[in-house]
Amino acid sequence: MARVAIVTGGTRGIGRAICERLRDSGFTVVANYAGNDDAARAFSDETGIATYKWDVGDHQSCLNGCARVADEVGPIDVVVNNAGITRDGTLHKMSYDDWHEVMRINLGGCFNMAKACFPGMRERGWGRIVNIGSINGQAGQYGQVNYAAAKSGIHGFTKALAQEGAKAGVTVNAIAPGYIDTDMVAAVPPPVLEKIVAKIPVGRLGQADEIARGVAFLCSEDAGFVTGSTMSINGGQHMY
Ligand code: CAA
């Protein structure tokens, strides 16, 4: 029977590319999303992938949502923690709410999903967790103390949980994307984005599927000895 994979924030952007890539690799995929019903409907119509709506920043919603997926589709073998938001602004303009929402969703979501799925993976002796971090969690970024802190936290979370999962056959890895051609990056003011792209050695934004291919490798049998690692996919913008 095909293994079951869930991708948070899976109906758009990088998440969508990950869903499609994992489906093409033989997983039964479901996509979680939080808000955009129209995008979720279009995604489902176009891909045939089922969607489940809840806020990954809410602990109980994750427990309930994952239990529902396990009931309706099967035990969850793969979690891709991709859901994330930005609330950019320099510290002196950033509200507590901007800080807290980014921490709650981007970092809290990883904890909540792991709490829901990691115990079952351990019991069954196989699991894959892939957390989507960011170049900006590795290098920092002007105007992103909240996002950089959350993404940096994801990298620490990954290394700690990897140690807990290793003996039980559960690998935990991170991918640190650079600037990828998505709605999130399109929201960066054009003159700022131009300067950022000028510093990418490969000379362009990344494509969502370039991240998805890395995720598919980390979720495969071939990656059984890879755990606690961070794969940077950033066009050479930050060499870590
Ligand atoms: N380093 C140093 N100074 C900088 C700077 C930088 N990188 N960027 C801007 N500044 C300076 C500006 O030159 C300006 O200085 P002056 O007033 O002396 O001219 C000052 O900071 C204010 O800059 P802005 O006009 O840009 O300020 P703002 O308040 O209007 O906007 C901002 C601030 C919201 C942070 C805006 O600069 C911005 O959106 N930056 C991009 C942030 C970014 O890269 N976000 C990534 C989103 S995508 C993502 O996060 C995905 C991923 O994982 C990669």
**Request:** Considering only segment 7-48, state which residues are among the hydrophobic types (A, V, I, L, M, F, W, C) and assigned to a loop (DSSP other than H, G, I, E, B).
**Result:** 27, 34
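For segment 118-163, enumerate the residues that are hydroxyl-bearing (Ser, Thr, Tyr) and either within 11 Å of the ligand (Cβ to nearest atom) or within 19 Å of residue 78 (Cβ to Cβ) (or both).
Once the filter is applied, which keeps residues that are hydroxyl-bearing (Ser, Thr, Tyr) and either within 11 Å of the ligand (Cβ to nearest atom) or within 19 Å of residue 78 (Cβ to Cβ) (or both), segment 118-163 yields 134, 142, 147, 158.
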**Message:** With the structure loaded, tell me whether residue 38 is surrounded by fewer than 24 Cβ atoms within 10 Å (Cβ to Cβ), over 21 Å from residue 212 (Cα atoms) and touching a residue at least 24 places away in the same chain (Cβ under 8 Å) or whether it fails that test.
**Reply:** no
**Hits in segment 164-212 - residues which are farther than 18 Å from residue 11 by Cα, more than 10 Å from the ligand (Cβ to nearest atom) and among the β-branched types (Val, Ile, Thr)** = 170, 171, 172, 175, 197, 200, 202
**Request:** Please name all residue pairs, on different chains or six or more residues apart, with Cβ atoms under 8 Å, provided the first residue is in segment 87-104 and is at pLDDT below 95 and the second residue is within 14 Å of the ligand (Cβ to nearest atom) and assigned to a helix (DSSP H, G or I).
**Result:** none
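Being touching a residue at least 40 places away in the same chain (Cβ under 8 Å) and open to solvent by 10 Å² or more (accessible area, probe 1.4 Å) is the filter here; which residues of segment 1-10 pass it? Spell out the reasoning first.
Start the filter on segment 1-10 by keeping residues that are touching a residue at least 40 places away in the same chain (Cβ under 8 Å), which leaves 1, 3-10.
1, 3, 9, listed by residue number.
For (1) of a type outside the set (A, V, I, L, M); (2) surrounded by 22 or more Cβ atoms within 10 Å (Cβ to Cβ), each residue gets a yes or a no:
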{"residue": "53", "(1), (2)": "yes, no"}
{"residue": "66", "(1), (2)": "yes, yes"}
{"residue": "70", "(1), (2)": "no, no"}
{"residue": "75", "(1), (2)": "yes, no"}
{"residue": "82", "(1), (2)": "yes, yes"}
{"residue": "87", "(1), (2)": "yes, no"}
{"residue": "93", "(1), (2)": "yes, no"}
{"residue": "96", "(1), (2)": "yes, no"}
**Among the residues listed as 77, 88, 97, the single one being of a type in the set (Asp, Glu) and within 14 Å of the ligand (Cβ to nearest atom)** = 88
**Request:** Please go through segment 165-178 and pick out each residue that is open to solvent by 10 Å² or more (accessible area, probe 1.4 Å), in contact (Cβ under 8 Å) with a residue 24 or more places away in the chain and assigned to a helix (DSSP H, G or I).
**Result:** 166, 168
**Request:** Look through 200, 180 and report the one residue that is within 15 Å of the chain's Cα centre (by Cα) and either modelled with pLDDT of 95 or more or over 26 Å from residue 226 (Cβ atoms) (or both).
**Result:** 180
**Request:** With respect to residue 21, determine if the residue is surrounded by fewer than 24 Cβ atoms within 10 Å (Cβ to Cβ), touching a Ser or Thr at 6+ places or on another chain (Cβ under 9 Å) and under 17 Å from residue 209 (Cα atoms).
**Result:** no
**Request:** Mind telling me which of the residues 110, 117 ends up being touching a Cys at 6+ places or on another chain (Cβ under 8 Å) and closer than 22 Å to residue 216 by Cα?
**Result:** 117
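The values are calculated or read from the model by the stated rules, or taken from the named source; none is laboratory data. If you're wondering where the values come from, they're calculated on a predicted model, not measured in any experiment. Because the Cβ atoms are built from the backbone with ideal geometry, glycine has one as well, and the counts that use them run over all protein chains shown. Heads up: the accessible areas ignore ligands, DNA and RNA and are worked out on the full protein's heavy atoms, side chains in. Shrake-Rupley method; radii C 1.70, N 1.55, O 1.52, S 1.80 Å.
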